[in-house]
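Report on one structure; see the data block that follows.
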Amino acid sequence: MPPHPSRLRRVAFSPAGRRASALWWVAALLFSVASAYAVEPDEMLKDPVLEARARAVTRELRCVVCQNQSVDDSDAPLARDIRVLVRERIQMGDSDAAARDFIVARYGAYVLLRPPLQGDTLVLWFGPGLFLVGGLVLAWFYVARLNRAGAAPAALSASEEDAVRRRIDEQAGT
Amino acid sequence: MKSRWLSTVPLFLLLALAVYFAFGLTQDPRTIHSVLIDKPLPAFDLPVFGQDGARITNEDLKGHVSLLNVLASWCVSCRAEHPLFVRLNDEKKVAIYGLAWKDKPDDLKQWLEELGNPYTRIADDASGRTAIDLGVTGAPETFVVDKRGRIRFKQVGVIDDFVWTQTLAPLVAKLEAEK
């Protein structure tokens with residue numbers, strides 16, 4: 001039986017209801033917190049456009065000390081040095097790509113968090129697709145074989161048919 | 001029969017993956033292979049530590065085989081490999097240059113007084129820019145530089161007796177034989 005409307009209204013103001021709405025608030029606050037970055041105020045460029053470009057470049061660079069953080073995220077002193085260096089390059093008029101290539105020339109393509117398409121990353125780029133296609137091909141063969149086996153059972157041979165007919169006749173005779 | 005052959009395909013795929021992972025997973029992921037191997041030392045012009053006004057450049061490392069060791073007094077592992085450098089220098093095995101990476105002069109001075117100074121000269125990279133040009137990811141790292149000033153090998157981490165006798169000593173001997 002559904003609760004009476006007056007009872008529903010009471011639920012919203014009951015302790016359980018308040019707890020639920022408090023939870024919503026906590027969740028909302030948690031998700032509203034901006035991610036904390038390691039960039040210190042003294043590193044930032046005065047020009048917000050250049051600063052935004054520098055942030056975008058360093059977010060794509062791997063910190064070579066911590067390796068699974070970006071240069072933008074990392075507190076390592078070397079990451080700071082690279083942040084400052086990228087900002088200098090951008091201030092000197094480097095394009096984003098040129099500033100990124102400056103670091104890649106020193107540390108290799110490994111510092112790019114998005115691996116570029118090149119000889120030693122072919123497996124990384126196409127391996128999953130190959131496995132998917134390979135799996136689909138195997139599955140297709142397998143299913144096709146099942147269908148063949150299920151749809152067309154082999155016809156009985158002449159001697160088998162004789163055996164069946166004899167059996168039926170025997171049964172009919174009893 | 002065709003279907004029997006087909007059913008072995010997953011097995012071979014698994015074997016191929018196993019070989020791939022056997023190689024891939026046994027590599028140390030912390031070792032980043034240098035892109036500077038066989039390339040000339042990046043240009044630098046730095047003050048010589050402990051010699052007022054003197055400079056050292058990449059040109060100074062041409063004409064002989066040398067080690068360029070990235071060190072810092074704040075680097076604990078550098079302390080571990082230091083006695084070997086002292087011995088190599090005493091025995092005149094190879095010229096060892098230092099690159100003091102973002103170190104405080106007073107700290108480094110005290111460090112060298114305590115442990116000895118096996119370095120032919122130490123370049124003072126206070127800003128850490130030369131270290132970045134060299135693709136340094138941490139200390140200690142050591143570059144083997146040939147007579148023409150090219151980087152031929154990079155050792156990431158401590159050089160101990162094993163690394164020296166197995167890897168570096170033969171390499172230095174080979175490079176000495178080059179023109």
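Just so you know, all these numbers are worked out from the coordinates, no wet-lab data involved. Quick caveat: nothing in here was measured; it's all calculated off a predicted structure. FYI the Cβ positions are ideal-geometry reconstructions off the backbone, even for glycines, and counts take in every protein chain you see.
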Each label sits 7 Å from Cα toward the beta-carbon; between A:Glu160 and B:Arg79 the label points are separated, in nm, by 8.4
Listed by chain and number, the residues whose amide H is under 5 Å from that of A:Ser70, excluding neighbours fewer than 5 places away on the same chain and using placed H, are A:Cys63
Checking B:Asp28, B:Asp107, B:Asp125 against a Gaussian network model of chain B (alpha-carbon springs below 10 Å), the top fluctuating residue turns out to be B:Asp28
The lysines whose Cα lies under 26 Å from the Cα of B:Lys104, excluding any fewer than 8 residues away in the same chain, are B:Lys154
Chain B, Gaussian network, Cα under 10 Å: of B:Leu67, B:Leu115, B:Leu134, the residue fluctuating most is B:Leu115
With B:Thr130 itself left out, Lys, Arg at +1 and Asp, Glu at -1 over residues whose Cβ is under 12 Å from its Cβ give -2
Per the 1/(1 + (r/R0)^6) rule, R0 = 30 Å and r from the Cβ atoms of B:Asp90 and B:Gln27, FRET efficiency to 0.05 is 0.30
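When a/c is below 1.5 the answer is rounded, else prolate if a/b is larger than b/c, else oblate, so apply that to segment B:1-111 with a ≥ b ≥ c taken from the square roots of the Cα gyration tensor eigenvalues.
On the way: a/c = 3.49, a/b = 2.84, b/c = 1.23.
Prolate, because a/c is 1.5 or more and a/b exceeds b/c.
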Measuring from its Cα centre, segment A:120-173 shows a charge dipole (+1 at each Lys and Arg Cβ, -1 at each Asp and Glu Cβ) which, in debye to the nearest 20, is 100
Per the charge dipole of segment B:34-177 (beta-carbon charges, Lys/Arg positive, Asp/Glu negative, Cα centre), the residue among B:Thr142, B:His64, B:Trp101 reaching farthest to the positive end is B:His64
Treating only Lys and Arg (+1) and Asp and Glu (-1) as charged, each at its beta carbon, one finds that the protein assembly as shown has a dipole about its Cα centre, in Debye to the nearest 20, of 1560
For A:Leu112, the residues 5 or more places away or on another chain with a placed amide H closer than 5 Å to its own amide H are A:Arg62
Too long for a 20 Å Cα-Cα cut-off, among B:Lys109/B:Lys147; B:Lys39/B:Lys147; B:Lys62/B:Lys93; B:Lys102/B:Lys147, are B:Lys109/B:Lys147; B:Lys102/B:Lys147
Ranked by GNM mean-square fluctuation in chain B (Cα springs under 10 Å), the top entry among B:Ala18, B:Ala139, B:Ala131 is B:Ala18
When the charge dipole of segment A:43-116 is computed with +1 at the Cβ of Lys and Arg and -1 at the Cβ of Asp and Glu, the Cα pointing farthest to the positive end, of A:Val71, A:Gln91, A:Tyr107, is that of A:Tyr107
Longest principal axis of chain B (C-alpha) makes with the long axis of helix B:105-115 (C-alpha) an angle, in degrees to the nearest 10, of 80
PRE zone check, label point 7 Å out along Cα-to-Cβ of A:Ala144, amide N under 13 Å, scope segment B:3-28, hits B:3, B:6
The helix B:76-90 Cα axis meets the longest alpha-carbon principal axis of chain B at an angle in degrees, between 0 and 90 and rounded to 10, of 70
For segment B:143-157, in residue order, the Karplus 3J(HN,Hα) values (coefficients 6.51, -1.76, 1.60; θ = phi - 60°; whole Hz; Gly and Pro = x) are 9, 9, 10, 7, 5, 8, x, 9, 6, 10, 7, 10, 9, 8, x
